[in-house]
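The values are calculated or read from the model by the stated rules, or taken from the named source; none is laboratory data. Remember, predicted model here, so these are calculated numbers, not experimental data. Cβ atoms come from the backbone with ideal geometry, glycine included; neighbour counts cover every protein chain shown. Accessible surface is based on the protein model in full, side chains and every heavy atom, while ligands, DNA and RNA are left aside. Shrake-Rupley method; radii C 1.70, N 1.55, O 1.52, S 1.80 Å.
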Amino acid sequence: MGDIVKIAILGGDGFCGWPAALHLSDQGHDVVILDNLSRRRIDEELGTSSLTPIRGIEERLSAWREVSGKEIGFEHLDIARDYEGLLSFLQRFQPEAVVHFAEQRAAPYSMKSAGHKRYTVENNTSATHNLLAAIVESELDIHVVHLGTMGVYGYGTAGMKIPEGYLNVEVPTEDEGDNISQQILYPSNPGSIYHMTKVLDQHLFAFYAKNDSLRITDLHQGIIWGTHTPQTERDERLINRFDYDGDYGTVLNRFLMQAAVGYPLTVHGTGGQTRAFIHLRDMVRCVEIALENPPAAGERVKIFNQMTETHRVRDLANLIAEISGASVEMVPNPRKESAENDLHVVNETFLKLGLKPTTLSEGLLVEVEETARRYAERADLSKIPARSLWTAEQIAGEPESLAVESLIAEQSVDALQR
Ligand code: NAD
Ligand code: USQ
């Protein structure tokens, strides 16, 4: 982006939002973070914390000021529950763009109990809907860039590459030979309540783009790996979060952390699940590219597949075991998901717009593992196993201790909502 742009980062204290805010500020944009710090409270609820020693938001911001000479604003605001606060912020700051990261993003957390399901649906859909309604009420022209997920599609191929959001279909009419061609949203097939909220988001976006001509880009992102960006590395006080626990840790970073602390790599089921991945550094670059290429008013929602490569879980485990000497353990899959799947995805838009993918390399894997080793003494190994079970049958088959854990979890999420 050539010009200085006013950008609000919703969820800018999180794993993706923080490095994205630093990257955009580094480029000279006027950045304000909105966050209710719920992710930090969820760490308390789960009795876990980032492996890396993340600083409080105020210390983060003053460190950035000191290191870069640049100012990032901060508003402590709950986007899902404080509509008036959000509207008044938009009217005051008048951003040209909003990047929306502010949702509960862990599939296992969303499946822990009825309370966690309800919290995730209410938080995520209200956050998204409040934003859209507030933009309309403010009468401002704001480009919304939302972080969605590859998981809205499910992880099948249906014999074709998964397109970027829309599927061409031919509908037979009653007149023989007279078919109608149209594009529809690719059929959704979410695998968790969390992923399901991103499906609901898609429909909210489609409605507001059609009805109010809002300009919206939805980034269907794969699993992030890596932990640093050039900005977060500039000072230890700017360090990014590193989730490794069974609810929030994602597979590749978890395996690298497990290798670093000498814990067997926890492959769920057969490890035949194929998933899409993208490095954290490419994520911030993709957000920048999306901001530079907004849809026109009246155009339908732009959907980009934000991923650079696909890998099978057991192949990742074997690769990391080879590099690090870690052992691999096949554990019963706590989720309800296909034992094996192939995944082929179109990701041409970002490549055409200049993304140079940072693909999996031994050097980068070792870099993450070294970060994990540096902070290994902060790890609580009892938090590594994934304990969130997807179905009543799985829960019925578990020892009583886990059922009690689920009850305690239900009570603590109630406390979070209050
Ligand atoms: P995160 O949990 O680290 O960050 C989310 C941030 O949003 C947190 O700081 C949290 O406090 C804030 N937040 C949540 N609800 C809020 C509310 N109601 N009001 C204000 N702030 C709120 O998650 P992340 O890994 O940074 O993910 C960011 C986004 O990217 C999510 O929407 C997620 O679905 C998407 N995404 C993440 C990944 C990944 O691998 N991490 C992959 C694909 C998509
Ligand atoms: N898995 C293991 N062992 C582990 C952890 C995970 O085998 O120790 C497996 C899971 O069973 C699953 C796969 O690895 O098959 C991916 O799990 P994950 O926790 O890395 O990713 P997921 O739950 O899909 O969620 C993450 C982010 C979410 C984002 C999504 C992108 O938390 O916010 O939307 O990745 S995607 O997967 O493309 O839908």
Residue count for the range 61-95, restricted to those that are within 14 Å of ligand 1 (Cβ to nearest atom), not in a helix (DSSP H, G or I) and not β-branched (V, I, T): 8
Listing of helices (runs of 4 or more DSSP H) fully contained in the range 241-357 that carry 1 or more residues being touching a Ser or Thr at 6+ places or on another chain (Cβ under 8 Å) and open to solvent by 10 Å² or more (accessible area, probe 1.4 Å): 251-261, 280-292, 313-324
Hits in the range 163-175 (condition: open to solvent by 50 Å² or more (accessible area, probe 1.4 Å) and not in a loop (DSSP other than H, G, I, E, B)): N168, E170, V171
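Given V31, V67, which one is of a type in the set (A, V, I, L, M, F, W, C), in contact (Cβ under 8 Å) with a residue 24 or more places away in the chain and crowded, with 24+ Cβ neighbours inside 10 Å?
Numbers: V67 fails: crowded, with 24+ Cβ neighbours inside 10 Å.
From the options V31, V67, the qualifying one is V31.
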Answer residue from the range 14-60, given it is within 16 Å of ligand 2 (Cβ to nearest atom) and in a loop (DSSP other than H, G, I, E, B) and is farthest from I239 (Cα to Cα) among those: T48
Odd one out for V145, checked against (1) over 18 Å from L214 (Cα atoms); (2) within 17 Å of the chain's Cα centre (by Cα); (3) surrounded by 23 or more Cβ atoms within 10 Å (Cβ to Cβ): (1)
Residues of the range 96-109 satisfying the condition of being small (G, A, S) and either assigned to a helix (DSSP H, G or I) or within 16 Å of ligand 2 (Cβ to nearest atom) (or both): A102, A106, A107
Residue count, the range 200-238 (criterion: within 16 Å of ligand 1 (Cβ to nearest atom), of a type in the set (A, V, I, L, M) and part of a helix (DSSP H, G or I)): 3
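Going by the conditions given, is D26 at pLDDT 95 or above and within 20 Å of the chain's Cα centre (by Cα)?
The answer is no for D26.
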Filter pass, D82 being among the acidic types (D, E) and either at pLDDT below 95 or under 19 Å from I7 (Cα atoms) (or both): no
The range 176-199 - residue that is among the hydrophobic types (A, V, I, L, M, F, W, C) and surrounded by fewer than 17 Cβ atoms within 10 Å (Cβ to Cβ) and, of those, nearest to ligand 1 (Cβ to nearest atom): I184
The one condition in (1) open to solvent by 10 Å² or more (accessible area, probe 1.4 Å); (2) within 16 Å of ligand 2 (Cβ to nearest atom); (3) aromatic (F, W, Y) that F93 fails to fulfil: (2)
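Of the residues A102, A127, only one is open to solvent by less than 10 Å² (accessible area, probe 1.4 Å), over 24 Å from D342 (Cα atoms) and within 17 Å of the chain's Cα centre (by Cα); which?
Details: A102 fails: open to solvent by less than 10 Å² (accessible area, probe 1.4 Å).
That would be A127, the only listed residue that is open to solvent by less than 10 Å² (accessible area, probe 1.4 Å), over 24 Å from D342 (Cα atoms) and within 17 Å of the chain's Cα centre (by Cα).
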Single unsatisfied condition, H146 versus (1) free of Cβ contacts under 8 Å to residues at least 24 places away in the same chain; (2) within 16 Å of ligand 1 (Cβ to nearest atom): (1)
